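Structure record follows, encoded as structure tokens.
The values are calculated or read from the model by the stated rules, or taken from the named source; none is laboratory data. Since the structure is predicted, the reported quantities are computational estimates derived from the model, not experimental observations. Here the Cβ positions follow ideal geometry from the backbone for every residue, glycine too, while neighbour counts run over all protein chains shown. Just so you know, the surface numbers come from the protein's heavy atoms only, side chains and all, with ligands and any DNA or RNA stripped out. Shrake-Rupley method; radii C 1.70, N 1.55, O 1.52, S 1.80 Å.
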Amino acid sequence: MSSAFPITGGEYAFAARTLGRSTGFALFALGLLGGVLTVAVIALGTGDYLGVVWGSLGGKRTGLAVIALASLVAVLGIRLDAWVTGVFLAVELAAIAVLAWLGLVHVEQPVSTLWTAHALGEGNILVGASAGLVVSFAATALFAYNGYGTAVYFAEETRQVSSIGKVVMWSLGITVVAECLPLVAVLLGTPSTSELMAAPSPMNYFLLERGGDARNTVVSLGIAIAIVNAVIAIMLQVGRLLYSSARDRAWSDVVGRPPAAVHPRLRTPVLATLVMGGAAIVVAWLVPLDTLILATGANLVVLYIFVAVSALYGRIRGTTAHATYRMPAWPWVPLGVIGVMAYVLYESIDADRRPVGIAVAMVAAGYLYYYAYLHPRRGHRWTMPDPVRDATDPAMR
């Protein structure tokens, strides 16, 4: 889908072109909520690790400060942002390597730990976890891997944009390896699976047990840097999401013109980025972390269903025929995603219907806004730019 429509806006941009403008705006509303929730969730984890380095840095205030800092960094030029995130990524990979090494040289748990589902019972005793419970948490697990598709949000600032589909797939592959390797190492190398699961900060527990105070401090700092890096990357994305909707004239001129502006020197959507940063700070401040995590996971499940339907319908209608990347095993891949996500959605509702209700309500609000305001003005509101023109437009470079 990114290869067919390499446009800032990502999922909503290609959903609008395959499923219709109304669905595109509904997906935009979902993505806008998801972006704010994601920034808040990730940033609030910073205090857990910086608190190890310096006790006074623990807590929610550190997460709020990280969002503010990331928002300011995200308005800088894209080349400088790429340099900053690249340096942080190197530190992040070093921390991952240390975690993996500490686990793999101290293997104590059986390999079956990796596929045996456990939950904590009374007295922190491990008990078997039902299939339904595991599937309901798949929504949260999906959040851990999500983000590889963000590359399309920078398509209009990218040379050789025809390769964007391959960039997305490479990002997914690297993400899976970089996250699974340390996770597998920690699960196999922990002295106690029950104590690992019961710990308020499992990675800190593992580092203290296997590496001691010094390594715990150093690696915790690396993990904190990784979190800051992730928040900067997502702020870059969500700022461009709001900018894209304003450029597409989704709002009245009074509301939409300011966030549609690109800074003449920085070539970034400064106001749109700062607005999204402010929204994330408010959400992180007011909403409990557990609620944020569950709501983010449910948001992604609904989003993936829309993406899969877009991929299925786009090929059927021929609207993606011009794409430089072709999905192998079509239509089984999108059909499989729809089936699996529908089951995850069912189990998530059975466990707690509120997060799914929030996601569905946001989609409904998107449809309502479209038909109440945009559809009557469809000749000059929520206009869809030409993909080929946008892919070569130097306006934001």
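In the range 36-80, which residues are under 21 Å from Ala151 (Cα atoms), of a type outside the set (Val, Ile, Thr) and not in a helix (DSSP H, G or I)?
Selection gives Leu76, Gly77.
In this structure, is Ile7 of a type in the set (A, V, I, L, M, F, W, C) and assigned to a helix (DSSP H, G or I)? Explain how you work it out, then say what you get.
On the way: of a type in the set (A, V, I, L, M, F, W, C): yes; assigned to a helix (DSSP H, G or I): no.
Considered against the rule, which asks whether it is of a type in the set (A, V, I, L, M, F, W, C) and assigned to a helix (DSSP H, G or I), Ile7 comes out as no.
Would a scan of the range 341-350 turn up a residue that is of a type in the set (D, E, K, R), farther than 19 Å from Phe306 by Cα, surrounded by fewer than 16 Cβ atoms within 10 Å (Cβ to Cβ) and in contact (Cβ under 8 Å) with a residue 24 or more places away in the chain? Don't jump to the end; show me each part of the working.
As a first pass, look at the range 341-350 and keep what is of a type in the set (D, E, K, R): 347, 350.
Those still in the list that are farther than 19 Å from Phe306 by Cα too: 350.
Pick out the ones that are also surrounded by fewer than 16 Cβ atoms within 10 Å (Cβ to Cβ) and you get 350.
Keeping just the survivors that are in contact (Cβ under 8 Å) with a residue 24 or more places away in the chain gives 350.
Within the range 341-350, one or more residues are of a type in the set (D, E, K, R), farther than 19 Å from Phe306 by Cα, surrounded by fewer than 16 Cβ atoms within 10 Å (Cβ to Cβ) and in contact (Cβ under 8 Å) with a residue 24 or more places away in the chain.
Regarding the range 30-52, can at least one residue be identified that is open to solvent by 60 Å² or more (accessible area, probe 1.4 Å) and farther than 30 Å from Ala364 by Cα? Lay out the reasoning, then the answer.
Start the filter on the range 30-52 by keeping residues that are open to solvent by 60 Å² or more (accessible area, probe 1.4 Å), which leaves 48.
Checking the rest, the ones that are also farther than 30 Å from Ala364 by Cα come to 48.
The answer is yes, given that some residue of the range 30-52 is open to solvent by 60 Å² or more (accessible area, probe 1.4 Å) and farther than 30 Å from Ala364 by Cα.
When the range 1-48 is examined, which residues are found to be over 17 Å from Gly165 (Cβ atoms) and of a type in the set (D, E, K, R)? Spell out how you get there, then give the answer.
Of the residues in the range 1-48, the ones over 17 Å from Gly165 (Cβ atoms) are 12, 16, 19-48.
Answer for the range 1-48, where residues must be over 17 Å from Gly165 (Cβ atoms) and of a type in the set (D, E, K, R): Arg21, Asp48.
Looking for whichever is among the aromatic types (Phe, Trp, Tyr), over 20 Å from the mean Cα position of the chain (by Cα), modelled with pLDDT of 90 or more and open to solvent by 60 Å² or more (accessible area, probe 1.4 Å) here; the options are Trp101, Trp83. Which one fits? It would help to see each step written out before you state the result.
Values: Trp83 fails: modelled with pLDDT of 90 or more.
The unique qualifying residue is Trp101.
Output yes when any residue across the range 145-153 is closer than 30 Å to Glu11 by Cβ and either of a type in the set (Lys, Arg) or outside any helix (DSSP H, G or I) (or both), and no when none is. Give the derivation first.
Just the residues of the range 145-153 that are closer than 30 Å to Glu11 by Cβ, to begin with: 145-153.
Keeping just the survivors that are either of a type in the set (Lys, Arg) or outside any helix (DSSP H, G or I) (or both) gives 146-147.
Checked the range 145-153: at least one residue is closer than 30 Å to Glu11 by Cβ and either of a type in the set (Lys, Arg) or outside any helix (DSSP H, G or I) (or both).
How many of the residues making up the range 115-142 are in contact with a helix residue (DSSP H, G or I) (Cβ under 6 Å, 6 or more places away or on another chain) and in contact (Cβ under 8 Å) with a residue 40 or more places away in the chain?
Within the range 115-142, the subset in contact with a helix residue (DSSP H, G or I) (Cβ under 6 Å, 6 or more places away or on another chain) is 117, 120, 124, 126, 132, 135-136, 138-140, 142.
From what's left, in contact (Cβ under 8 Å) with a residue 40 or more places away in the chain: 120, 124, 126, 132, 135-136, 138-140, 142.
Qualifying residue count for the region: 10.
Can you pull out every residue in the range 172-187 that is open to solvent by 20 Å² or more (accessible area, probe 1.4 Å) and in contact (Cβ under 8 Å) with a residue 60 or more places away in the chain? Full working, then the answer.
Restricting attention to the range 172-187, the residues satisfying the condition of being open to solvent by 20 Å² or more (accessible area, probe 1.4 Å) are 172-181, 183-184, 187.
Matches in the range 172-187: Ala178, Leu181, Val184, Leu187.
Kindly check whether there is at least one residue in the range 159-170 that is modelled with pLDDT of 85 or more, part of a strand (DSSP E or B) and closer than 30 Å to Glu347 by Cβ.
No, there is no match, as no residue in the range 159-170 is modelled with pLDDT of 85 or more, part of a strand (DSSP E or B) and closer than 30 Å to Glu347 by Cβ.
Need the failing condition index for Leu19 against (1) of a type outside the set (Lys, Arg); (2) more than 26 Å from Val309 (Cβ to Cβ); (3) surrounded by fewer than 24 Cβ atoms within 10 Å (Cβ to Cβ), just the number.
(2)
When you look at Gly121, is it open to solvent by less than 30 Å² (accessible area, probe 1.4 Å) and touching a Leu at 6+ places or on another chain (Cβ under 9 Å), yes or no? First the steps, then the outcome.
Numbers: open to solvent by less than 30 Å² (accessible area, probe 1.4 Å): yes; touching a Leu at 6+ places or on another chain (Cβ under 9 Å): no.
For Gly121, the condition - open to solvent by less than 30 Å² (accessible area, probe 1.4 Å) and touching a Leu at 6+ places or on another chain (Cβ under 9 Å) - is not met.
Every residue in the range 196-210 that is closer than 20 Å to Gly45 by Cβ and of a type outside the set (Phe, Trp, Tyr), please. Lay out the reasoning, then the answer.
Start the filter on the range 196-210 by keeping residues that are closer than 20 Å to Gly45 by Cβ, which leaves 196-208.
Matches in the range 196-210: Leu196, Met197, Ala198, Ala199, Pro200, Ser201, Pro202, Met203, Asn204, Leu207, Leu208.
Which one is surrounded by the most Cβ atoms within 10 Å (Cβ to Cβ), of the residues in the range 188-229 that are out of contact with any Leu (no Cβ under 6 Å at 6 or more places or on another chain) and more than 30 Å from Ile67 (Cα to Cα)?
The extreme case among them is Gly189.
Considering (1) out of contact with any helix residue (DSSP H, G or I) (no Cβ under 7 Å at 6 or more places or on another chain); (2) within 26 Å of Val238 (Cβ to Cβ), say which one Ala329 fails and leave the rest.
(2)
Return the only residue of Gly103, Gly77 being in contact (Cβ under 8 Å) with a residue 12 or more places away in the chain and closer than 29 Å to Thr268 by Cβ. Reasoning before the result, please.
Values: Gly103 fails: closer than 29 Å to Thr268 by Cβ.
Checking each option against the conditions leaves just Gly77.
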